[in-house]
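Everything below concerns the one structure shown next.
Bear in mind these aren't lab numbers, they're just calculated from the coordinates by the rules spelled out. Predicted model, so just to flag it, every value in this text is computed and none were measured. Counting neighbours? That spans all protein chains shown, and the Cβs are built from the backbone with ideal geometry, glycine included.
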């Protein structure tokens, strides 16, 4: 699979590493090809740096792990994304794209891509190593597109999460962002530590 990583900070770097090592072709979408955060990612297999527009056009899936307020600008840079999938890993906890409640809603309105919310509900430490002891953590997603969710689930399992549970359609995206805020509350505000994670248990 050809995957664009937009945002090469902690979350984007962790996902790029997993997916490159699983054999996917990774296109890093950056503002400056010569100087960008996460340049060490170029040492990964099948990984290259491109402009944001080039990375999006070269890829089947676009993972966005940037501040959410730049979503409208990214949508302009992406160009025509018809037939492609955007996985939105942002959280509009502190800031939002102008005119939209979340980056998901901005991408869904401003592009022709299928948009899925995923990889937003935990810290990068758990994305990098999604286990507590011998127990694999779970990931969660939301959105309306079935194919997009199938791809997000596949990619989550390839990272090492045991399950990727479906929160529902686009009407549940804001709930999933609040779920992320729950993790932030426990991990940071309640000082439980950034390696706490979510696991759904069934009787």
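For segment 5-50, which residues satisfy the criterion of being part of a loop (DSSP other than H, G, I, E, B), more than 22 Å from residue 78 (Cβ to Cβ) and within 17 Å of the chain's Cα centre (by Cα)?
Result: 22, single match.
Given the condition in contact (Cβ under 8 Å) with a residue 12 or more places away in the chain, within 22 Å of residue 94 (Cα to Cα), crowded, with 17+ Cβ neighbours inside 10 Å and out of contact with any strand residue (DSSP E or B) (no Cβ under 7 Å at 6 or more places or on another chain), answer yes or no: does some residue in segment 174-182 qualify?
Yes, segment 174-182 contains a residue that is in contact (Cβ under 8 Å) with a residue 12 or more places away in the chain, within 22 Å of residue 94 (Cα to Cα), crowded, with 17+ Cβ neighbours inside 10 Å and out of contact with any strand residue (DSSP E or B) (no Cβ under 7 Å at 6 or more places or on another chain).
Just to verify a result, which residue in segment 120-129, among those that are surrounded by fewer than 22 Cβ atoms within 10 Å (Cβ to Cβ) and part of a loop (DSSP other than H, G, I, E, B), is nearest to the chain's Cα centre (by Cα)?
Residue satisfying both the conditions and the ranking: 123.
Hey, any hits in segment 122-133 for a residue that's within 19 Å of residue 91 (Cα to Cα) and in contact with a strand residue (DSSP E or B) (Cβ under 7 Å, 6 or more places away or on another chain)?
So far as segment 122-133 goes, no, none of its residues is within 19 Å of residue 91 (Cα to Cα) and in contact with a strand residue (DSSP E or B) (Cβ under 7 Å, 6 or more places away or on another chain).
Residues of segment 103-119 being out of contact with any strand residue (DSSP E or B) (no Cβ under 7 Å at 6 or more places or on another chain) and buried (at least 24 other Cβ atoms within 10 Å of the Cβ), which ones?
Result: 106, single match.
Quick check on my filter: what residues within segment 131-166 are surrounded by fewer than 18 Cβ atoms within 10 Å (Cβ to Cβ), touching a residue at least 40 places away in the same chain (Cβ under 8 Å) and not in a strand (DSSP E or B)?
If the condition is that a residue be surrounded by fewer than 18 Cβ atoms within 10 Å (Cβ to Cβ), touching a residue at least 40 places away in the same chain (Cβ under 8 Å) and not in a strand (DSSP E or B), then 147, 158, 160 are the ones that fit.
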